[in-house]
Every structure is written in structure tokens, then in C-alpha cells.
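Structure first, commentary second.
Read-outs throughout are calculated quantities, based only on the coordinates presented, and are distinct from any laboratory measurement. The structure presented is a predicted model; accordingly, all values stated were derived computationally and were not measured. Neighbour counts are summed over all protein chains in view; Cβ atoms, including those assigned to glycine, are modelled from backbone coordinates with ideal geometry.
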Ligand code: FES
């Protein structure tokens, strides 16, 4: 309960901004994030590839796997894990889809 109270959800997109099987990029200052609608849920994850900064939202979404458009590294959008190297992981963020929009705890 206390952890939930400390969360700082911010509205980042309108309801329905990301269709099932698609991704959209959102910006929060200099921070690039991806909203992806995969596995029946909207998820939020860092939007810059840790390999060389590729824009992940411009890549492909195969099921729950985000494929970087530059060199095809793959990440699970549910966990942020790289598909081969467990030491490489993208930050994921809690998401709430409410009646008036999509909210992300960006901190
Ligand atoms: S920048 Fe993403 S795989 Fe190289």
C-alpha cells in the first residue's frame, strides 16, 4: 500500500493511443519511452536501445518482443530483458489505463 502511494503516475497518452500489436514513442523531457500494447496489456519501457541508442519505437513488435530497428537486438517488453544477455535489461515502468488516458509511473 505504501509503495503504491509513493508512485507518481503521469498521463502520457490518450486512451486508445496504442492499438494492440503496436508501439508508440512518448517523450518526457529528454527521456524517450515506448508504450507497447502486447500480450493484452499496455506496457511502458525505455525507448533507447542500450546497444547504440536505436529508437525502439521505430522497430518491430513480435508478440511481446521489441526488435530494435538498427541492429535487431530483441527485448521482452514485459520484463525489459534482452533475449540472449541477461545482464542487458531495459527499464520498465508501471502503467495504468484509465478512462481518460494512459498513465505511467515514470520515476
Ligand atoms: S542500436 Fe539497437 S541493436 Fe544496435
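How much space per residue, in cubic angstrom, does the convex hull of the C-alpha atoms of the chain take up?
So the per-residue Cα hull volume is 107 Å³.
What percent do you get for the relative contact order of the chain when only Cα pairs under 8 Å and 6+ apart count? Please list the in-between numbers first.
Working: 221 pairs, mean separation 29.6, N = 107.
Here the relative contact order equals 28 percent.
Can you sort 46, 105, 100 from fewest to most other Cβ atoms within 10 Å of each residue's own Cβ?
Working: 46 18, 105 15, 100 8.
Least crowded to most crowded, the residues run 100, 105, 46.
At a Förster distance of 25 Å, what's the computed FRET efficiency of residue 32 paired with residue 100, Cβ-Cβ distance as r, to 0.05?
Working: r = 24 Å, r/R0 = 0.96.
Once the sixth-power term is evaluated, E becomes 0.55.
At 7 Å along the Cα-to-beta-carbon direction for both residue 58 and residue 71, put a label point, then send me their distance in nm to one decimal.
Going from the residue 58 label point to the residue 71 one covers 1.6 nm.
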